[in-house]
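Following: one structure in structure tokens, then a few remarks.
Bear in mind these aren't lab numbers, they're just calculated from the coordinates by the rules spelled out. Quick caveat, the model's predicted, so the values are computed rather than measured. Neighbour counts are summed over all protein chains in view; Cβ atoms, including those assigned to glycine, are modelled from backbone coordinates with ideal geometry.
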Amino acid sequence: MRGLRRTVSAQLIEISLSGLRIRLDHRLSEGTQLEVLIGDEHVFGVVRYCVPTKDKFDAGVLIRYAIRPQSVSA
């Protein structure tokens, strides 16, 4: 069994070469594996921390790898 897969909305707060910070409505557990869509790029990573903010949660994600679709020319 591979576990649960669900889609949630998040706001991108910060991004760097090795990680990103996202803001969500719900807490994520440390170690949760994620796929984050940024435009047409798929970023895969793991949650390193998740802390409460005023009314949401900020999660730090360590980027494992990213996939950018290549354009196809005729």
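Residue count for the stretch 9-39 satisfying the condition of being in contact with a strand residue (DSSP E or B) (Cβ under 6 Å, 6 or more places away or on another chain), over 15 Å from LEU62 (Cα atoms) and assigned to a loop (DSSP other than H, G, I, E, B): 2.
Based on this model, can you work out whether GLU14 counts as touching a Lys or Arg at 6+ places or on another chain (Cβ under 6 Å), of a type in the set (Asp, Glu) and surrounded by 10 or more Cβ atoms within 10 Å (Cβ to Cβ)? Considered against the rule, which asks whether it is touching a Lys or Arg at 6+ places or on another chain (Cβ under 6 Å), of a type in the set (Asp, Glu) and surrounded by 10 or more Cβ atoms within 10 Å (Cβ to Cβ), GLU14 comes out as yes.
For GLY39, the conditions (1) touching a Gly at 6+ places or on another chain (Cβ under 7 Å); (2) surrounded by fewer than 11 Cβ atoms within 10 Å (Cβ to Cβ); (3) of a type outside the set (Lys, Arg) are fulfilled apart from (1). Considering only the stretch 42-56, I want to know if a residue exists there that is part of a strand (DSSP E or B) and touching a residue at least 40 places away in the same chain (Cβ under 8 Å). Checked the stretch 42-56: no residue is part of a strand (DSSP E or B) and touching a residue at least 40 places away in the same chain (Cβ under 8 Å).
Could you tell me whether any residue of the stretch 56-65 is surrounded by 12 or more Cβ atoms within 10 Å (Cβ to Cβ), over 15 Å from VAL8 (Cα atoms) and of a type in the set (Phe, Trp, Tyr)? No - not one qualifying residue is present in the stretch 56-65.
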